[in-house]
Amino acid sequence: MAWQLFRLGRWSFVHRRAVAACWLLVLAVAGLGAATLSGKTSDKFELSGIESTRAFALIEQRAPQASPDGATARVVFEAPEGRSLTEPGYRDTVTAALNRLRTDNIQTVADPYTAGALSPDGHVGYATITYREVANELTDADRGALEDAAHAAEAAGVNVAIGGDALTETETPIAEVFGIGIALIVLAFTFGSLLAAGMPLLTAIVGVGIGLVSITTLTGFVELSSVTPALGTMLGLAVGIDYALFIMSRYRAEVRAGRTLEEAAGRAVGTAGSAVVFAGLTVIIALIGLAICGIGFLTQMGLGGAFTVGIAVLISLTLLPALLGFAGEKVVRGRTRATSGQPGAGVRTHGRRWIEFVSRHRWVALVAGVLVAAVASIPIASMQLALPDDASKPAGSDARVAYEMIAENFGAGANGPLVVVVDTAGSADPVAAVDTVTADLRNLAARPGSDIAAVLPAAANDSPQARQGLAQQLAAVRFATITVIPGSGPSDQATKDLVAEIRATAADLPARTGAHAMVTGQTAVGVDISTKLAQVFPLYLAVVVGLAIFLLVGVFRSIWVPIKAALGFLLSVGVSLGATVAVFQWGWAQQLLGLDTTSPVLFILPILLTGILFGLAMDYEVFLVSRMREAYAHGTPARRAVLDGFTHSARVVVAAAIIMVGVFAGFALTDDVILKTIGFALAVGVLADAFLVRMLIVPALMLIVGERMWFLPKRLGALVPPFDIEGSGLARRLDAPSESVADPVTAGR
């Protein structure tokens, strides 16, 4: 493969105009598709087959007009100090404001007066508006009507705050700008040249552009999660810069070793490009592997991220050599910060001094590194997972204010009611079945320590009219809904426990009445998805890690190097999740991220972090150990190969890690709690993996084990093809006297 990549790199260098034109054409076509075919993204987290979504499906099937998963808005009204919303003037103001909400998409408007949503003193009340469409399908007229209603009430002296998912806030592109700024500084310092620094940035931006507009085009045909494009941008920018940096560093080293520019480009792609290919493959395997979970939005995120990583690899192998061809000798000018000698040169850089220090204290370094990772992982023991809600929105935002006003005046559970759907299709007496479920819930609420604040039955009251209406409803659609208001907030553990208690109480309902009861609502969805993720996580880990280890066995011709890499990755995940729990859940140093409240960890983070960080960790393993393998393959003793390989790759790996941390940290500074959590966890994970694991624990262990680290059983070696990532075969072919450096693909130019 190294030879084929050599030819590709040199061909791209020579035919730079054609290569650049092709990539620009791809970008233009993808951009045209995004401009003309794109649709909207979705903020829904759904999973078919779980109880909470089966309840939604039942409602949609039997009452299609109900739209149980439509957008919701909670409009909170607050009268002036010492006044009540029950006063005629303020009541008229609230009623007039809600009348402004009448649009075609609105399904129901439950005003404070008829729905019992007034505080005891009448000072605060809230209206619940449900829509027929999900949030991303709402029109400007729908959102405009909400804002007009708020403005009308405020003009009459009533304070208004709007929560729920009906109104969305636009995110500024601070993340991308921050990441690119950090990358530019690091690259300029590394290469000593702004021209050289700009090339990895340019290729990464082109790759992200192609990936992003392609995903945007796909939204016109498939409903994609709103996080999918952001995650693709995050990963594409990070790995795109790093992959180009790795190849470009090797190119400059080859030029300084006396190669022609053309041959240096080919050799750089043939050697460093091989490492990039396999590093990219590990990331892609980890991301595509998310499809094993069987959860639609996770699969979308994984495939979107894998696509942008694949584009980043292709651009690094082709467009970067083409740009090097345009730049000529200008790109190798300037004071280089990376080593340029051959393996074994023993250059006295900071990296050399560090690895010699680790070599002298290898046992201390290994034990200390593992202990630090273990201590940093301790917070995982108290990790709580949940869906994000309005309580985690920025302080002062409308959604956060509305959440806090409702929690203060009606209890935190009013922000996340549970819905018990009673399916009476198999019951001989549907009304009695619903009454049984209602009685069970009220008995549960009467228990000491119960977290149920209120049970709102299917029939509004016990009047004959209400009972007759319930009977007619059950005859028509064969289901009824009972609302349970928890005493705790949607993300609290007590509410999750309540979901389990209600389900346990209703477990024998079919035997008693022939009816079935299902619990749904935001909290129930989060509980069900978290349970599903916990069930599939071991399979996902086994498949992804197994495939990656098999791939890395072929790359390094060793059984212990991949196993050591996987074990080191577990330490990185532990540090990352531990830090995330400490900051987001415990509140440590949360002001640095613009947080002002604690909340459970994003429920999809553990598995998403595992997939992404595993691929990125293998990136650094490949980048760092490939030079060690290269030195060892050229005859350097095992322990000396660790020193020499580390010397050559340390500064580049440090630069790549700082860039990647900068990119992820930019997303950690956004207001979107999902992106903030993912960005922070990845930034800490990469920081721990690059500096604690790959640059301390890994070399210490390899220095201790020595020659045995490169052991490969003969039978396994026969099954795994050699990939020649160190370029030994390429070097022999190019340096052989009978082998002309000229390649048929470039002949006649």
Test: Thr299 is modelled with pLDDT of 90 or more, of a type outside the set (D, E, K, R) and closer than 24 Å to Val213 by Cα: no
Selection from the range 452-486 of residues that are within 15 Å of Ala524 (Cα to Cα) and in contact with an Asp or Glu (Cβ under 8 Å, 6 or more places away or on another chain): Pro486
Ala79 vs. criteria in contact with a helix residue (DSSP H, G or I) (Cβ under 9 Å, 6 or more places away or on another chain) and surrounded by fewer than 14 Cβ atoms within 10 Å (Cβ to Cβ): no
Among the candidates Ala374, Ala312, residue that is farther than 20 Å from Arg252 by Cα, at pLDDT 90 or above and not assigned by TED's automatic domain parsing to the domain that holds Arg629: Ala312
Set Leu231, Leu235: member being modelled with pLDDT under 85, surrounded by 24 or more Cβ atoms within 10 Å (Cβ to Cβ), under 16 Å from the mean Cα position of the chain (by Cα) and part of a helix (DSSP H, G or I): Leu231
Residue match in the range 282-294 (condition: farther than 17 Å from Asp619 by Cβ and either touching a His at 6+ places or on another chain (Cβ under 9 Å) or not hydrophobic (A, V, I, L, M, F, W, C) (or both)): yes
Looking only at the range 280-294, and only at residues there that are touching a residue at least 24 places away in the same chain (Cβ under 8 Å) and surrounded by fewer than 23 Cβ atoms within 10 Å (Cβ to Cβ), the one that is farthest from Ser226 (Cα to Cα): Leu281
Sole exception among (1) surrounded by fewer than 20 Cβ atoms within 10 Å (Cβ to Cβ); (2) farther than 30 Å from Ala700 by Cβ; (3) of a type outside the set (Val, Ile, Thr); (4) touching a Gly at 6+ places or on another chain (Cβ under 9 Å) for Gly594, by number: (4)
Any chance Leu541 is farther than 24 Å from Val654 by Cβ and either assigned to a loop (DSSP other than H, G, I, E, B) or out of contact with any strand residue (DSSP E or B) (no Cβ under 9 Å at 6 or more places or on another chain) (or both): yes
Close pairs from the range 348-365: first assigned by TED's automatic domain parsing to the domain that holds Phe691 and of a type in the set (Lys, Arg), partner in a helix (DSSP H, G or I) and surrounded by 12 or more Cβ atoms within 10 Å (Cβ to Cβ), Cβ under 7 Å, at least 6 apart: Arg352/Thr647; Arg362/Ala700; Arg362/Leu703; Arg362/Ile704
Unmet requirement for Thr72, which otherwise passes all of (1) without any contact (Cβ under 8 Å) to a residue 12 or more places away in the chain; (2) assigned by TED's automatic domain parsing to the domain that holds Leu118: (1)
Selection status of Ser397, touching a residue at least 40 places away in the same chain (Cβ under 8 Å) and over 30 Å from Ala475 (Cβ atoms): yes
So Leu552, is it part of a helix (DSSP H, G or I), modelled with pLDDT under 85 and at negative phi: yes
Residue count for the range 435-469, restricted to those that are within 23 Å of Gln65 (Cα to Cα) and not in a helix (DSSP H, G or I): 5
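Each row is one residue, and each column tells you yes or no for (1) surrounded by 17 or more Cβ atoms within 10 Å (Cβ to Cβ); (2) within 30 Å of Phe711 (Cβ to Cβ).
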{"position": "Leu509", "(1), (2)": "yes, no"}
{"position": "Arg512", "(1), (2)": "no, no"}
{"position": "Gly521", "(1), (2)": "yes, no"}
{"position": "Trp560", "(1), (2)": "yes, yes"}
{"position": "Gly568", "(1), (2)": "yes, yes"}
Residues that are of a type in the set (A, V, I, L, M, F, W, C) and more than 23 Å from Ile106 (Cβ to Cβ), drawn from the range 75-92: Ala79
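Condition check ((1) basic (Lys, Arg); (2) under 22 Å from Asn443 (Cα atoms); (3) part of a helix (DSSP H, G or I)) across all residues:
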{"residue": "Lys496", "(1), (2), (3)": "yes, yes, yes"}
{"residue": "Ile502", "(1), (2), (3)": "no, yes, yes"}
{"residue": "Ala507", "(1), (2), (3)": "no, yes, no"}
{"residue": "Arg512", "(1), (2), (3)": "yes, yes, yes"}
{"residue": "Ala524", "(1), (2), (3)": "no, yes, yes"}
{"residue": "Val527", "(1), (2), (3)": "no, no, yes"}
{"residue": "Thr531", "(1), (2), (3)": "no, no, yes"}
{"residue": "Val536", "(1), (2), (3)": "no, no, yes"}
{"residue": "Val545", "(1), (2), (3)": "no, no, yes"}
Val277 vs. criteria closer than 21 Å to Ala617 by Cα, part of a helix (DSSP H, G or I) and either free of Cβ contacts under 8 Å to residues at least 40 places away in the same chain or in contact with a Gly (Cβ under 8 Å, 6 or more places away or on another chain) (or both): no
Scope the range 461-503; condition among the charged types (D, E, K, R) and within 30 Å of Ala412 (Cβ to Cβ); matching residues: Asp462, Asp492, Lys496, Asp497, Glu501, Arg503
Matching residues in the range 524-539 - criterion: being within 21 Å of Glu501 (Cα to Cα) and either among the aromatic types (Phe, Trp, Tyr) or touching a His at 6+ places or on another chain (Cβ under 8 Å) (or both): none
Flag if Thr610 is under 27 Å from Ala655 (Cα atoms), β-branched (Val, Ile, Thr) and crowded, with 20+ Cβ neighbours inside 10 Å: yes
Helices (runs of 4 or more DSSP H) contained entirely in the range 617-722, each with at least 2 residues that are crowded, with 24+ Cβ neighbours inside 10 Å and assigned by TED's automatic domain parsing to the domain that holds Ile185: none
Any hit, the range 107-126, residues being surrounded by fewer than 16 Cβ atoms within 10 Å (Cβ to Cβ) and under 31 Å from the mean Cα position of the chain (by Cα): no
Number of positions in the range 238-268 that are of a type in the set (Val, Ile, Thr) and either touching a Pro at 6+ places or on another chain (Cβ under 6 Å) or surrounded by fewer than 24 Cβ atoms within 10 Å (Cβ to Cβ) (or both): 3
Enumeration of residues in the range 392-434 that are within 27 Å of the chain's Cα centre (by Cα) and in a loop (DSSP other than H, G, I, E, B): Lys393, Pro394, Ala395, Gly396, Ser397, Gly416
Answer residue from the range 570-592, given it is part of a helix (DSSP H, G or I) and at pLDDT below 90 and is farthest from Arg708 (Cα to Cα) among those: Gln591
In the range 475-493, the residues that are at pLDDT 90 or above, in contact with a strand residue (DSSP E or B) (Cβ under 8 Å, 6 or more places away or on another chain) and of a type outside the set (Val, Ile, Thr): Arg478, Phe479, Ala480, Pro486, Gly487
Failed criterion for Gln472 (all others in (1) within 37 Å of the chain's Cα centre (by Cα); (2) assigned to a helix (DSSP H, G or I) hold): (1)
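The values are calculated or read from the model by the stated rules, or taken from the named source; none is laboratory data. Keep in mind that what you see is a predicted model, and the values were worked out from it rather than measured. No Cβ is skipped: glycine too gets one built from the backbone with ideal geometry, and neighbour counts run over all protein chains shown.
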